[in-house]
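The values are calculated or read from the model by the stated rules, or taken from the named source; none is laboratory data. The model shown is predicted, which means the values in this text are computed figures rather than measured ones. Every residue, glycine as well, gets a Cβ built from its backbone with ideal geometry; the counts of neighbours run over all protein chains shown. Accessible surface is based on the protein model in full, side chains and every heavy atom, while ligands, DNA and RNA are left aside. Shrake-Rupley method; radii C 1.70, N 1.55, O 1.52, S 1.80 Å.
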Amino acid sequence: MHVAPGLKVLYFGTPVVLISSRNPDGSANLAPMSSAWWLGQTAVLGLGNTAQTTENLRRYGECVLNLVPSALVAEVDRIALTTGAPQVPPRKRAQGYRHVADKFAEAGLTPQMSDLVRPPRVTECPIQLECRVTAAHPIGVPDPWGTAFHVDVLRTHVEQDLLIPGTAHVDPYRWDPLVMKFCDFFGGGTNVHPSRLAAGWKMPVAGNARG
């Protein structure tokens, strides 16, 4: 039997991306996000307008999408409730967000120079996409609260052992992406780590209890 519960969250399951961008002072920002999808060589990114990443994309128009394997879930979770914005918006502060200037260090990850854009790649991520913003559209009427960015993928870096030998295709049996499903972390269909974001958003616990 179907019911109409009026779902408050529609994150049915999307891959986690660590998006690196450039701050106004030239330093690197790193932010986990899971509102991303791809069509051809274009990606669409959904970001809130109070995010430092949103400001950086508007200002400089480039980023790196670092695709996260499930093995890096702890590193992602360390920066789940952080922001590169020096002034933390009240709503985010109430959810437990805090300002962190060096999020690479906070996460325990290593910046790696990109080829075609200024923001660095994340060395530990086996798939890295260097991108340039081509369009930005407001989300929310009449008062936009977010932005949908279109980005073109300029160059893709992939760990060689993820490729099907002799091809330019990723082996889906070797690639185990970290997936965020209703604010919880999953890999291989299993809940792999407690989520600070789920706690900050006061998401109810169902099924297997979070550790």
(message) Looking at segment 57-81 only, could you name the residues that are without any contact (Cβ under 8 Å) to a residue 40 or more places away in the chain and within 22 Å of ASP25 (Cα to Cα)?
(response) ARG59
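Which residue is farthest from PHE12 (Cα to Cα), if the candidates are limited to segment 152-183 and must be among the charged types (D, E, K, R) and in contact (Cβ under 8 Å) with a residue 60 or more places away in the chain?
The extreme case among them is ASP152.
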(message) Go through (1) under 16 Å from GLY146 (Cβ atoms); (2) touching a residue at least 60 places away in the same chain (Cβ under 8 Å); (3) surrounded by fewer than 18 Cβ atoms within 10 Å (Cβ to Cβ) for ARG91 and report which single condition fails.
(response) (2)
(message) I'd like the full set of residues that are open to solvent by 60 Å² or more (accessible area, probe 1.4 Å) and in a loop (DSSP other than H, G, I, E, B), limited to segment 124-166.
(response) GLU124, VAL141, PRO142, ASP143, PRO144, TRP145, GLU159, ILE164, PRO165, GLY166
(request) For segment 2-102, please list each of the strands (runs of 3 or more DSSP E) lying entirely inside it that holds at least 3 residues being within 16 Å of the chain's Cα centre (by Cα), of a type outside the set (Val, Ile, Thr) and over 18 Å from PRO120 (Cα atoms). (result) 36-39, 42-48
(request) Kindly check whether there is at least one residue in segment 6-19 that is touching a Gly at 6+ places or on another chain (Cβ under 9 Å) and surrounded by fewer than 21 Cβ atoms within 10 Å (Cβ to Cβ). (result) no
(message) Cβ contacts < 6 Å: first residue more than 19 Å from TYR11 (Cβ to Cβ), restricted to segment 41-54; second residue surrounded by fewer than 19 Cβ atoms within 10 Å (Cβ to Cβ) and β-branched (Val, Ile, Thr), any location; separation 6+ or different chain. Result?
(response) GLN41/VAL153
